[in-house]
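The values are calculated or read from the model by the stated rules, or taken from the named source; none is laboratory data. All values reported here derive from a predicted model rather than from experimental measurement. All Cβ positions, even for glycine, are placed from backbone atoms using ideal geometry, and neighbour counts span all protein chains on display. Calculation scope for accessible area: heavy atoms of the full protein, side chains included, ligands and nucleic acids excluded. Shrake-Rupley method; radii C 1.70, N 1.55, O 1.52, S 1.80 Å.
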Amino acid sequence: MPDSNQVYLRIENLTKHFGEFVAVSDLSLEINSGEFICFLGPSGCGKTTLLRAIAGLDPQTAGRINQAGKDISDLPVSERDFGIVFQSYALFPNLTVYQNVAYGLENQRLPRQEIHKRVTDLLELVGLPEQIEKYPAQLSGGQQQRVALSRALATSPGLLLLDEPLSALDARVRSSLRLEIRALHQNLGITTILVTHDQEEALSMADRIVVMDQGRIEQVGTPIEIYSNPASPFVADFIGVMNFIHGEVTSPGLVSIEEKTLKCNTENIPEKSNVRVTVRPEDILCHSELIESPNTLEVKVKSLEFLGSFYRLFISGPTGFEELMADLSIKQVHEQNITPESTLNIELPTNRLLIFPEIS
Amino acid sequence: MSGTVSLPANVVPVRIRLSRDDVILRIGLFCLITLLAIAVVFPLYTLLSKSLEDIDGKYVGLQNFREYFETPALFSSITNSLTVAISVALIVLVIAFVYGYALTRTRMPLRWLFRGIALIPILAPSLLAAISLIYWFGNQGVLRSWLGESSIYGPIGIIIGSCFWVFPHALMIIVTALSTADARLYEAAEALRTPKWRIFFTVTLPGAKYGILSAGFIVFTLVITDFGVPKVIGGRYNVLATDVYKQVVGQQNFEMGAVVSLILLLPAVLAFIADRWVQRRQIALLSPHAVPFQPKSHPLRDGILFVFCLIVSIILISMLAMAVYASFVTFWPYNLSLSLKNYNFDVMDGGGWEAYFNSIRMAIYCAVFGSGLIFFGSYLVEKARGVTWLRTILHLGSMLPLAVPGLVLGIAYIFFFNHPENPLGFLYGTMGILVICTIVHFYTVSHLTCLTALKQLDPEFEAVSLSLKSPVWRTFGKVTLPVCLPAFLDVASYLFLNAMTTVSAVVFLYSPETMLASVAVLNMDDAGDIAPAAAMALMIVYTSAVFRVLHALLARFINSRTQVWRTR
Ligand SMILES: Nc1ncnc2c1ncn2[C@@H]1O[C@H](COP(=O)(O)OP(=O)(O)OP(=O)(O)O)[C@@H](O)[C@H]1O
Ligand SMILES: [Mg+2]
């Protein structure tokens with residue numbers, strides 16, 4: 001693997017305007033050599049815009065981009081070093097699979113045999129060695145995407161840009177291609193940026209995730225960090241499922257929610273301020289008998305949703321806790337014989353509660 | 001305030017350096033804009049300034065216009081032109097709508113045949129209809145008695161003749177509008193137990209509304225700017241188009257010709273603007289999820305429509321057939337034996353066979369150079385990166401010719417290229433000016449055809465090619481052009497056919513060496529040689545028909561070779 005502490009791509013104060021609209025604003029980011037980075041965010045948050053600015057396809061309004069130690073901010077697309085794959089694949093419909101993959105190599109005027117070897121190697125790598133003479137329209141979506149990937153990799157670019165490459169595929173093909181792209185990345189060690197609005201995709205593939213909202217970075221971190229330590233309510237809500245409870249810090253370590261008081265870590269949050277306490281549904285514990293702990297509540301089950309490997313319970317407790325979700329294993333639901341209208345004792349474990357100041 | 005947010009004062013905006021490709025494309029844009037300026041804008045400007053001058057070239061303001069409106073003989077042409085154009089538009093719209101409805105919304109038998117027959121007039125110059133009418137209803141016509149007291153030479157003849165040649169133009173637009181029906185609307189209406197007549201008025205007609213309007217504007221413009229038909233059969237009924245011709249060719253009164261052609265430009269421009277407006281509406285109407293409509297059989301309705309289409313087809317065919325027959329008759333109406341005497345063009349005035357071969361040469365030049373140039377232009381408009389304003393200018397420039405009637409273009413060319421100080425004056429009287437004028441005359445429709453084809457390409461092809469370091473011309477040649485080849489051939493064929501049949505622009509620009517077949521038809525008719533005129537017009541029809549067949553074969557061959565990828 002390439003030295004992962006070496007910065008390969010540095011984006012400084014990048015801003016992109018479309019007329020009056022600011023699509024990316026003053027964004028800075030560093031990407032290490034050989035990293036697999038995902039840009040994740042809701043639709044319209046500027047992911048594609050940022051990617052296209054890096055490629056030079058839609059140049060930024062202001063800001064610098066430095067790739068491999070070289071300032072590329074004002075270079076035209078054709079002088080930058082990257083391979084790109086689009087959601088639509090953009091395979092040339094009148095060229096065969098072979099001709100598509102060889103397209104970039106022919107521009108480098110390599111000898112015929114060399115091109116042939118490289119193309120067949122690549123198609124072997126993505127598992128399409130027999131489809132060489134077919135036209136794109138004769139391939140399935142997944143196969144087309146693999147061809148697009150080989151075409152982007154053929155010229156051995158230093159940076160691979162993928163704009164929602166999997167979103168046009170059905171779920172099964174998507175998850176197998178996810179693994180393949182990941183494996184390909186391990187194999188080649190090429191610095192890769194993948195744009196997606198699918199959090200599962202980002203969590204399962206990325207070394208680091210860049211969560212974006214409204215043209216700004218909300219958080220950068222490994223999938224685990226992002227999931228278990230979201231830096232803002234937005235990230236907490238966007239990644240995974242989250243319960244939000246409104247309350248007020250009464251004294252250090254204590255948050256009051258109407259009649260109830262929860263114990264939790266209130267570091268860096270002044271007293272008397274309004275806060276949101278968050279907890280993931282899978283972190284809520286469910287006890288069969290009452291136990292003595294400050295963070296327990298008696299709640300009523302409103303409904304259950306079966307989600308395959310677990311049940312999601314919609315529960316309602318005292319004032320302030322009217323709408324909560326808790327995920328329980330199938331086994332537990334059966335053992336405790338939980339049905340709608342049952343009453344439960346739940347615990348919100350102190351070390352699983354994250355609190356955010358309320359934005360007024 | 002302008003519509004952009006400004007950056008903080010200390011931030012430097014980024015300007016991307018131009019790559020070689022960018023430079024090439026920009027030069028291309030620049031060249032095409034210059035070409036269009038020389039071939040369209042400057043001539044129109046010269047025309048405008050000419051209308052404000054007297055014979056000696058002195059500026060006289062609106063004097064010529066005042067004179068025009070004070071001459072009742074000239075002024076009455078405006079009402080005549082409007083009467084004719086509006087009547088034809090109404091008649092043709094009704095017939096074409098019913099005909100188009102039968103073709104697209106019923107299971108009537110022989111629809112393919114009726115569709116083919118309806119396209120016959122496109123193969124012929126507009127003059128042919130008028131000539132044929134003379135043989136049917138003229139003073140020595142076969143069916144002269146049908147008209148009773150009235151004469152075919154006048155508004156009746158102009159209206160019938162115009163209906164014939166504009167019919168396919170209206171039909172094609174209406175058929176397109178009717179074939180984009182969304183079956184779901186009909187299913188919904190039927191599920192609500194809507195009566196058939198009500199479905200027709202609430203679903204069918206509104207869906208085709210914009211198509212019908214658009215067809216109306218096109219027909220109106222075609223008729224008001226055509227001078228072939230009124231020239232041959234108009235008698236003493238003056239219309240704007242014949243006035244222009246008479247002022248310029250007959251009386252050499254160029255200033256008054258300029259005035260009349262500007263007056264002619266006005267309705268054409270208005271119709272053009274209205275049509276653009278309508279087209280924009282039309283696009284919004286189409287939903288990408290539409291389910292194609294499959295007509296059901298309905299014997300009574302289909303039967304009635306079959307009879308209707310049969311009658312229309314018989315009329316269309318009889319117009320052509322009479323011209324064919326008359327062209328072989330030795331001496332109408334005294335010696336009805338058949339001979340090839342009328343095809344012996346070399347012994348007649350009007351340019352002889354050379355005119356015919358000139359026409360073919362010109363049509364080939366137009367097809368070859370025109371399609372290449374127009375495709376390149378539309379490629380620049382659609383695909384050049386950045387420089388939006390240059391692309392917009394080129395696009396507007398490409399749309400402009402549609403608003404300019406051929407006659408007006410022809411006169412403007414006389415003024416512009418014949419101007420003693422114009423360095424391009426050497427073009428005057430050559431084949432070159434005929435080719436340029438014809439390409440410009442039919443530029444817009446071709447441009448739009450190419451643009452539609454280019455818009456269907458994935459917009460990321462260029463981005464991918466750039467990332468693969470492919471020079472722009474390589475992608476153009478290896479991907480863009482091959483994928484758009486069918487549209488490219490359509491444009492070449494369109495230019496060829498129109499170059500063969502056009503009269504209006506070239507009639508002012510030919511010289512004795514570059515006489516054209518369509519102009520020869522006009523001149524022979526003028527000289528009273530109606531039968532040879534019919535024969536020459538038919539030579540155009542035969543050639544166009546052969547060319548269409550060749551085009552169809554070639555298109556099929558190329559499709560089978562290069563478009564394999566379209567099939568799964
Ligand atoms: N060419 C453009 N002109 C004007 N606004 C644009 C243009 N391209 C993008 N935008 C706007 O910029 C914002 C960011 O767009 P972008 O395509 O980067 O979103 P995204 O994060 O990729 O979203 P998605 O997940 O839907 O692809 C959007 O609000 C979009 O409307
Ligand atoms: Mg996007």
Inset, instruction - Filter the stretch A:227-246 for residues that are of a type in the set (Gly, Ala, Ser), part of a loop (DSSP other than H, G, I, E, B) and in contact (Cβ under 8 Å) with a residue 24 or more places away in the chain and give the result. - result: A:Ser232, A:Gly240
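Which one is farthest from B:Pro512 (Cα to Cα), of the residues in the stretch B:434-488 that are small (Gly, Ala, Ser) and part of a helix (DSSP H, G or I)? First the steps, then the outcome.
Let us first name the residues in the stretch B:434-488 that are small (Gly, Ala, Ser), namely B:446, B:453, B:463, B:465, B:467, B:470, B:477, B:487.
Adding the requirement that they be part of a helix (DSSP H, G or I) leaves B:446, B:453, B:463, B:465, B:467, B:477, B:487.
Working: B:Ser446: 30, B:Ala453: 40, B:Ala463: 52, B:Ser465: 51, B:Ser467: 55, B:Gly477: 40, B:Ala487: 36 Å.
By that ranking, first place goes to B:Ser467.
Are any residues in the stretch B:98-135 hydrophobic (A, V, I, L, M, F, W, C), closer than 15 Å to B:Val229 by Cα and not in a loop (DSSP other than H, G, I, E, B), and if so, which ones? Explain how you work it out, then say what you get.
Here is the first cut: in the stretch B:98-135, the residues hydrophobic (A, V, I, L, M, F, W, C) are B:98, B:102-103, B:108, B:110, B:112-114, B:117-120, B:122-124, B:127-131, B:133-134.
Applying the additional criterion that residues be closer than 15 Å to B:Val229 by Cα yields B:122, B:124, B:127-131, B:133-134.
Of everything in the stretch B:98-135, those that are hydrophobic (A, V, I, L, M, F, W, C), closer than 15 Å to B:Val229 by Cα and not in a loop (DSSP other than H, G, I, E, B) turn out to be B:Ile122, B:Leu127, B:Leu128, B:Ala129, B:Ala130, B:Ile131, B:Leu133, B:Ile134.
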Inset, instruction - Provide a single number: the residues in the stretch A:51-65 that are in a loop (DSSP other than H, G, I, E, B) and either hydrophobic (A, V, I, L, M, F, W, C) or within 11 Å of ligand 2 (Cβ to nearest atom) (or both). - result: 1
Inset, instruction - Among what's in the stretch A:135-161 and is at the interface with another protein chain (Cβ under 9 Å from one of its Cβ atoms) and in a loop (DSSP other than H, G, I, E, B), pick the residue that is most open to solvent (accessible area, probe 1.4 Å). - result: A:Tyr135
Legend entry - Qualifying residues in the stretch A:12-24 (those that are at the interface with another protein chain (Cβ under 10 Å from one of its Cβ atoms) and either acidic (Asp, Glu) or away from ligand 2 (no atom under 16 Å from the Cβ) (or both)) - the one most open to solvent (accessible area, probe 1.4 Å): A:Glu20
Inset, instruction - Kindly indicate whether any position in the stretch B:243-253 is open to solvent by 30 Å² or more (accessible area, probe 1.4 Å), under 15 Å from B:Leu509 (Cα atoms) and of a type in the set (Gly, Ala, Ser). - result: yes
Inset, instruction - Kindly list the number of the only condition in (1) aliphatic (A, V, I, L, M); (2) more than 27 Å from B:Val541 (Cβ to Cβ); (3) without any contact (Cβ under 8 Å) to a residue 60 or more places away in the chain that fails for B:Ala73. - result: (3)
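Here's the yes/no breakdown for (1) free of Cβ contacts under 8 Å to residues at least 40 places away in the same chain; (2) within 13 Å of another protein chain (Cβ to nearest Cβ); (3) not aliphatic (A, V, I, L, M):
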site: B:Lys455; (1), (2), (3): no, no, yes
site: B:Ala463; (1), (2), (3): yes, yes, no
site: B:Ser470; (1), (2), (3): yes, yes, yes
site: B:Val479; (1), (2), (3): yes, yes, no
site: B:Leu485; (1), (2), (3): no, yes, no
site: B:Ser493; (1), (2), (3): no, no, yes
site: B:Leu516; (1), (2), (3): no, no, no
site: B:Tyr542; (1), (2), (3): yes, no, yes
Inset, instruction - Return the total of residues in the stretch A:41-50 being over 22 Å from A:Leu179 (Cα atoms), part of a loop (DSSP other than H, G, I, E, B) and either near ligand 2 (Cβ under 10 Å from one of its atoms) or aliphatic (A, V, I, L, M) (or both). - result: 4
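Within the group A:Leu188, A:Leu169, A:Leu123, which residue is away from chain B (no Cβ under 14 Å), modelled with pLDDT of 90 or more and farther than 24 Å from A:Ala68 by Cβ? Walk me through how you get there before you give the answer.
Working: A:Leu188 fails: farther than 24 Å from A:Ala68 by Cβ; A:Leu169 fails: modelled with pLDDT of 90 or more.
After applying the criteria, what remains is A:Leu123.
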Inset, instruction - Only residues that are surrounded by 13 or more Cβ atoms within 10 Å (Cβ to Cβ), outside any helix (DSSP H, G or I) and of a type outside the set (S, T, N, Q): list them for the stretch B:166-221, please. - result: B:Ala181, B:Asp182
Inset, instruction - For A:Val85, indicate whether it is buried (at least 18 other Cβ atoms within 10 Å of the Cβ), more than 16 Å from ligand 1 (Cβ to nearest atom) and either of a type outside the set (S, T, N, Q) or within 31 Å of the chain's Cα centre (by Cα) (or both). - result: no
Legend entry - Some residue of the stretch B:545-552 being farther than 25 Å from B:Thr225 by Cα, surrounded by 18 or more Cβ atoms within 10 Å (Cβ to Cβ) and either in contact with a strand residue (DSSP E or B) (Cβ under 7 Å, 6 or more places away or on another chain) or free of Cβ contacts under 8 Å to residues at least 24 places away in the same chain (or both): no
Legend entry - Whichever residue in the stretch A:48-66 is near ligand 1 (Cβ under 8 Å from one of its atoms) and open to solvent by 10 Å² or more (accessible area, probe 1.4 Å) and, among such residues, is farthest from the other protein chains (Cβ to nearest Cβ): A:Thr49
Legend entry - In the stretch A:339-360, the residues that are farther than 22 Å from A:Glu292 by Cβ and either open to solvent by less than 50 Å² (accessible area, probe 1.4 Å) or aliphatic (A, V, I, L, M) (or both): A:Leu354, A:Ile355, A:Phe356, A:Ile359
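Every residue in the stretch A:1-28 that is within 12 Å of A:Gln67 (Cα to Cα) and either β-branched (Val, Ile, Thr) or within 18 Å of the chain's Cα centre (by Cα) (or both), please. It would help to see each step written out before you state the result.
Here is the first cut: in the stretch A:1-28, the residues within 12 Å of A:Gln67 (Cα to Cα) are A:6-12.
Residues satisfying the conditions are A:Val7, A:Ile11.
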Legend entry - Flag for B:Lys469 being among the basic types (Lys, Arg) and on the phi > 0 side of the Ramachandran plot: yes
Legend entry - Hits in the stretch A:118-132 - residues which are free of Cβ contacts under 8 Å to residues at least 60 places away in the same chain and of a type in the set (A, V, I, L, M, F, W, C): A:Val119, A:Leu122, A:Leu123, A:Val126, A:Leu128, A:Ile132
Legend entry - Counted residues, the stretch B:221-259 - those being of a type in the set (A, V, I, L, M, F, W, C) and under 22 Å from B:Ile86 (Cβ atoms): 11
Inset, instruction - Within the stretch B:300-327, track down each residue that is of a type in the set (A, V, I, L, M), open to solvent by less than 60 Å² (accessible area, probe 1.4 Å) and over 22 Å from B:Val166 (Cα atoms). - result: B:Ala326
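So, of the residues in the stretch A:30-40 that are open to solvent by 10 Å² or more (accessible area, probe 1.4 Å) and either within 11 Å of another protein chain (Cβ to nearest Cβ) or not charged (D, E, K, R) (or both), which turns out to be nearest to ligand 2 (Cβ to nearest atom)?
To start, the set of residues in the stretch A:30-40 that are open to solvent by 10 Å² or more (accessible area, probe 1.4 Å) comprises A:30, A:32-33, A:35.
Restricting the remaining residues to those that are either within 11 Å of another protein chain (Cβ to nearest Cβ) or not charged (D, E, K, R) (or both) gives A:32-33.
On the way: A:Asn32: 24, A:Ser33: 25 Å.
Of everything passing the filter in the stretch A:30-40, A:Asn32 is nearest to ligand 2 (Cβ to nearest atom).
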Legend entry - Filter result (more than 7 Å from chain B (Cβ to nearest Cβ) and touching a Leu at 6+ places or on another chain (Cβ under 7 Å)) within the stretch A:67-96: A:Gln67, A:Asp81, A:Val85
